[in-house]
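Have a look at the structure below, then the notes.
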Amino acid sequence: MAINLDALFDRKWTCHACETTFVSQRVRSNQLQLLKRDSDFCTHYKEQRLNPILYTVTVCPSCGYSFTDQFSNYLPPHVKKRIQDNITSKWTPKEFGGIRGYEEAIASYKLAIYTAILKEEAYCVKAGLYLRLAWLYRFVDKPEEEQRFLQLSVGEYEKSFTHSDFVNKDKDMSETRMLYLIGELMRRIEQYDKAILYFSKTVEMKNRTIESGIINMARDQWSVAREEYKAKKAASLEMNEAQSS
Ligand SMILES: [Zn+2]
């Protein structure tokens, strides 16, 4: 299927690790037609091949250093060395700057996650990368991979919440939104007791936030989680009875 190339634009970058200047494409999301938004904020567009999350990661073609807008620009010398030893020394020049398919997008996230770990980026930055990678696997219908990265994401979000590192780092993330998102990711990985706990914490925020939409989502997903928890318990009880009889 042909894609609407008008939505893509070239952006010039300078690599923070090796100072190479290169061009990589981004998407104008206002050119896209929204299809639906999942309960964990994953957005689907009519032209999924142009979903902006496919283009969130920028990969330096000459050294492999991979980053998003949330990464810090400064690389101290010991981090530069780590990137050099672990990424650049194994890097064969590859081009991620043009039109991306899911496969290239997934590869770009894995590179950015590896870079973020080497660079010790904030928990919320790593959490956001894992979450978007899980969404890419949702788009290509690979539920096991999706689950794996949802788990990694929620682990980092919990740490981010405990250390409040999202406050200065992620301008789109409020405390209410974070509590809700952790609850919803816990529900999706079937950690229902934790999901219920985080949804209740979200609803407790109702007099301290203007984000009433999130409070309503938390109430809805809280009852979904309770029902799923009950069903799961009933199923495991039945299983035990069947095994013992
Ligand atoms: Zn570079």
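Listing for the model above:
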item	result
Efficiency of FRET from Cβ geometry, THR88 and ASP172, R₀ 22 Å, rounded to 0.05	0.10
Under 23 Å from LYS46, Cα to Cα: lysines that are on another chain or at least 8 residues apart	LYS36, LYS142
Hypothetical label at LYS233: residues of the stretch 179-195 whose amide nitrogen lies under 17 Å (7 Å Cα-Cβ projection)	187, 190-195
Partners for LYS126 among lysines (Cα-Cα distance below 18 Å; same-chain residues under 8 apart left out)	LYS110, LYS159, LYS169, LYS171
Partnerless Cys - the chain, beta-carbon criterion under 4.7 Å	CYS42, CYS124
Relative contact order %, the chain, counting alpha carbon pairs below 8 Å whose residues are six or more apart	12
Label point distance in nm, LYS142-ASP69, each placed 7 Å from Cα along Cα→Cβ	2.7
Likely footprinting exposure, SER174, SER200, fewest C-beta neighbours within 10 Å first	SER200, SER174
Under the Karplus curve 6.51 cos²θ - 1.76 cosθ + 1.60, θ = phi - 60°, whole-Hz ³J(HN,Hα) for the stretch 11-25, x wherever Gly or Pro sits	10, 8, 10, 10, 5, 6, 8, 10, 6, 5, 9, 8, 10, 9, 7
With Cα atoms, 0 to 90° folded angle of helix 77-86 axis to the chain main axis	80
Within the chain, helix-based [θ] at 222 nm, where runs of 4 or more DSSP H residues each add -39,500 (n - 2.57), nearest 500	-17500 deg cm²/dmol
Length-normalised contact order for the stretch 1-140 - Cα pairs under 8 Å, 6+ apart - percent	22
Degrees, to the nearest 10: 192-204 long Cα axis against longest axis of the chain	80
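Read-outs: derived from the displayed coordinates by stated rules, not from any lab. All of these numbers come straight from a predicted model, not from anything done at the bench. Glycine also receives a Cβ, built like all others from the backbone with ideal geometry; neighbour counts cover every protein chain displayed.
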